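Q: Mind looking over this structure? Questions follow.
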There are 2 protein chains.
Amino acid sequence: MAKELSKRQINIPVDDIPRQFYNITADFPDPMPAPKDPESGPSRLANLGKIFTSACLGHEMAQERFIDIPDEVLELFIKSGRPRPLFRAYELEKELGTPAKLYYKSEFYSPTGSHKVNTAIVQAYFAKQEGFTTMTTETGAGQWGTALAYACSLVGLKCKVFWVRAAYNWKPDRLAMMKLLGAEVHASPSPQTDAGREIYLKDPEHPGSLAIAISEGIETALKDEKAVYSLGSVLNHVLLHQTIIGLETKKQLALIGEYPDTIISCLGGGSNFGGLSIPFFGDVLRGEAEKEIKFIAAQSQSAPNLQGEYKYDFGDYAETTPLLKMFSLGHKSKFPPIKGDGLRYHASAPIISYLRNKGMVDTIAYPVNEKEVFEAAAVFVRTEGFLPAPESAYSVKAAIDEALKCKKNREDKTILFNISGHGFLDLAGYKDVLKIA
Amino acid sequence: MAKELSKRQINIPVDDIPRQFYNITADFPDPMPAPKDPESGPSRLANLGKIFTSACLGHEMAQERFIDIPDEVLELFIKSGRPRPLFRAYELEKELGTPAKLYYKSEFYSPTGSHKVNTAIVQAYFAKQEGFTTMTTETGAGQWGTALAYACSLVGLKCKVFWVRAAYNWKPDRLAMMKLLGAEVHASPSPQTDAGREIYLKDPEHPGSLAIAISEGIETALKDEKAVYSLGSVLNHVLLHQTIIGLETKKQLALIGEYPDTIISCLGGGSNFGGLSIPFFGDVLRGEAEKEIKFIAAQSQSAPNLQGEYKYDFGDYAETTPLLKMFSLGHKSKFPPIKGDGLRYHASAPIISYLRNKGMVDTIAYPVNEKEVFEAAAVFVRTEGFLPAPESAYSVKAAIDEALKCKKNREDKTILFNISGHGFLDLAGYKDVLKIA
């Protein structure tokens, strides 16, 4: 019985938590296209040193394959509940009648409810070390803002959050959570910044976008020398920190002698998709993968950025960032609001875009009404009992689709997916989409 | 470093999960006062066999010290995330400046957000085994109703919940969660039952009480022979199932060579307080406790039932249950609404009442405005990062009070407390009480 029991929930001992992040760029066959300045205007590259901590810039450009995690950061990871269990979805498999084996990583078991705390902890730790007193940022669905508020609270920093208004307006409870954690929160576009003011004055109820909110966060950090900006996705250092997810998962799968045929997660900017998948992409690049792995990014048709063009583009609306080589739909684009607001971003991370350009990343985009996505999440809730965040519902939907293909083709594939956050603060979204009275 | 790391978050391997519940009544020095019928009216004792599963009735009356947990129940426990970590509250200790060591059990790491899933899983498993198709119940704060909906969903049973209207009205998100899990939910008092109809017709906005809702749940089960009733607290079998909390915690503390001087939890009916403390009460009764332990039940002045009278009383408003020997404020009492609605019950569990009568349980009751309780929870959020349910905020407040006494008296006591649930669905309560704009 003991063996069977432990295949339902697999975890490594706390002391076996990975001690290094994995930097996949060290294994790239040719160099990543470097960030660059636009042909006119002030240098954005020159700004980076004023925006980010030195440590994060170091991580951004790092050449080493593995980067040590400071002991104090490991302490905070463990305080936040890491390592997080991997679950086998036996009841979901049975419901679908699939021969596939489904495993999900429980990033929802986090103090603020999502994987975003992982990089927030690292960034706040280094900001404190480097003498800053304030961190600024933007947030879409609100998960990232809450995570940074949490991390700042733990290390003793002030936190200023610019929150995309479309989400801010219908999430008063998440707002309360950020404020409980001591954060100062502004609906974006806001009158607080040059980047936001113009749009705000034209339309105080402008729904906003991640790109606008990023501009506001960066501007606020640039105007205060004791403040430092923090990004929750897209950049190399963020994905580096998130590799803790995949590194833990590899150790957990090894314990039960499993290796994935398929790896799935939702993708907005790319931090949770990258966090889970990058250590496995590394296996492939180094020729060490035990199997041919299919990687699938689950997206929304609202912003299917992996179906965009691979080109240099800005990371934000106001063109404050350097140009990054990304699959992008254009940084001035407007996207229809969806409940999975964390997926409503114009481009995917340079690392993921690089891998996509090599033909290593598949993608699927689900309709903007989100009906089939929330219905998939409802099946997951009834069989597995955990409530996925709207973004994570896309992972669930894609995992179910793959499991049903296995059923049709009679394949017993091992499918790994990530539940990046819980939906306790997003039940209004479930009610709206599924018409729960 | 390895040693220090693991003192922050302590857990046992999944396969070391306790395989037996602990029945403390086997260690009582003299017999517990038996349930009995009132002097007039129909026999309530005769009804028990129609209300509960045979397995739960067996647990209720059990004589053995240890009771095997079926393999299938262990599977479901593990599916629900057990064993749950024990955390050392280093940052809270530092904030308070106390020499005390504070440990909290993470029952909030549960699919529905509270410890209630423990007994729900056991009860639903046996109901299914015994051929029932429906479970009925009541709920106060909503945690129990959600937990039973979860358990019924996992094993394939229909679930009918009568929810105290005071809480039902301000928790639309929790209602959605219950419905996502497939439950049928009625605000109580409801027009669905004889017990509820009279009160409902007089006042359709009657705030209700746990006692009324219990009557509605029992009546509904009695009227349908394929339905069985389920109680989420108070009774011996519920506390028996919840001992999994304390049994796990004992193993976790043993791993780091710790033993508690003080054990704290909030107490409404007694299931989370009992769940954590009963295995340690057992140590005391058998003369095996490593230290003299102080047990503290944190209550609300709304319903400080441990300060009531030790007498035979009904468990419900409509006098459907047998008489139980309990510390009670009277089953017809009305209690002021509080956010920690799970603490608003007229009596404490017979097992806890027995121990209280032996002088083994201390209690403290906090004011009905709940200001100091929520302020304590806010300190916990800022230092430890996890958001307690309103009920669990009482545990936090009592733990902080004890830690501050240790500071004053320069004592390095080991204080153990339970965070029985998370507050993600209760942020409206935080906003109200703490006036978060």
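The values are calculated or read from the model by the stated rules, or taken from the named source; none is laboratory data. On a predicted model such as this, the values are computed, not experimentally measured, just so you know. Cβ coordinates were reconstructed from backbone atoms using ideal geometry, including for glycine residues, and neighbour counts include every protein chain displayed. Calculation scope for accessible area: heavy atoms of the full protein, side chains included, ligands and nucleic acids excluded. Shrake-Rupley method; radii C 1.70, N 1.55, O 1.52, S 1.80 Å.
Q: Go through the range A:100-130 and count every residue that is of a type in the set (S, T, N, Q) and out of contact with any helix residue (DSSP H, G or I) (no Cβ under 9 Å at 6 or more places or on another chain).
A: 1
Q: Are any residues in the range A:127-138 over 16 Å from the mean Cα position of the chain (by Cα) and either within 14 Å of chain B (Cβ to nearest Cβ) or crowded, with 24+ Cβ neighbours inside 10 Å (or both), and if so, which ones?
A: A:127, A:128, A:135, A:136
Q: Could you please find all residues in the range B:303-338 being more than 25 Å from residue B:169 (Cα to Cα), in a loop (DSSP other than H, G, I, E, B) and open to solvent by 40 Å² or more (accessible area, probe 1.4 Å)?
A: B:319, B:329
Q: Take the residues of the range A:339-389 that are more than 16 Å from residue A:270 (Cα to Cα) and of a type in the set (S, T, N, Q): which is surrounded by the most Cβ atoms within 10 Å (Cβ to Cβ)?
A: The qualifying residue surrounded by the most Cβ atoms within 10 Å (Cβ to Cβ) is A:383.
Q: Ok, one more. Hey, can you tell me all the residues within the range B:261-281 that are out of contact with any Phe, Trp or Tyr (no Cβ under 6 Å at 6 or more places or on another chain) and among the small types (Gly, Ala, Ser)?
A: B:270, B:271, B:274, B:275, listed by residue number.
Q: Find the residue count for the range B:342-384, including only residues that are of a type in the set (Phe, Trp, Tyr) and more than 17 Å from residue B:309 (Cα to Cα).
A: 3
Q: Further question: For the range B:236-253, indicate whether the set of residues that are open to solvent by 20 Å² or more (accessible area, probe 1.4 Å), closer than 27 Å to residue B:26 by Cα and basic (Lys, Arg) is non-empty.
A: Yes: one or more hits.
Q: Tally up the residues in the range B:218-233 that are within 14 Å of the chain's Cα centre (by Cα) and open to solvent by 10 Å² or more (accessible area, probe 1.4 Å), please.
A: The total comes to 2.
Q: Would you say residue B:368 is part of a helix (DSSP H, G or I) and either out of contact with any Ser or Thr (no Cβ under 9 Å at 6 or more places or on another chain) or more than 11 Å from every other protein chain (Cβ to nearest Cβ) (or both)?
A: Answer is no for this residue.
Q: Which condition from (1) acidic (Asp, Glu); (2) more than 10 Å from every other protein chain (Cβ to nearest Cβ); (3) surrounded by fewer than 24 Cβ atoms within 10 Å (Cβ to Cβ) is the one that residue B:173 breaks?
A: (2)
Q: Specify the residue that is surrounded by the most Cβ atoms within 10 Å (Cβ to Cβ); the eligible residues are those in the range B:390-437 that are within 13 Å of chain A (Cβ to nearest Cβ) and assigned to a loop (DSSP other than H, G, I, E, B).
A: Result: B:426.
Q: Which condition number in (1) part of a helix (DSSP H, G or I); (2) open to solvent by 30 Å² or more (accessible area, probe 1.4 Å) is the one that residue B:182 fails?
A: That leaves (1) as the condition not met.
Q: When you scan the range A:139-167, how many residues do you find that are open to solvent by less than 10 Å² (accessible area, probe 1.4 Å) and of a type outside the set (A, V, I, L, M, F, W, C)?
A: Of the residues in the range A:139-167, 6 are open to solvent by less than 10 Å² (accessible area, probe 1.4 Å) and of a type outside the set (A, V, I, L, M, F, W, C).
Q: Looking at the range B:154-170 only, could you name the residues that are under 23 Å from residue B:335 (Cα atoms) and away from chain A (no Cβ under 14 Å)?
A: Residues satisfying the conditions are B:161, B:162, B:163, B:164, B:165, B:166, B:167, B:169.
Q: Given the conditions (1) touching a residue at least 24 places away in the same chain (Cβ under 8 Å); (2) under 21 Å from residue B:335 (Cβ atoms), which single one is not true for residue B:199?
A: (1)
Q: Quick one: in the range B:14-66, of everything that is open to solvent by 30 Å² or more (accessible area, probe 1.4 Å) and of a type in the set (A, V, I, L, M, F, W, C), which residue is farthest from the chain's Cα centre (by Cα)?
A: Per the stated criteria, the residue is B:46.
Q: Being modelled with pLDDT of 95 or more and within 14 Å of another protein chain (Cβ to nearest Cβ) is the filter here; which residues of the range B:139-153 pass it?
A: B:146, B:147, B:148, B:149, B:150, B:151, B:152, B:153
Q: Quick check on the range B:216-223. Is at least one of its residues in the same structural domain as residue B:109 (by TED's automatic domain parsing) and assigned to a helix (DSSP H, G or I)?
A: No, the range B:216-223 contains no residue that is in the same structural domain as residue B:109 (by TED's automatic domain parsing) and assigned to a helix (DSSP H, G or I).
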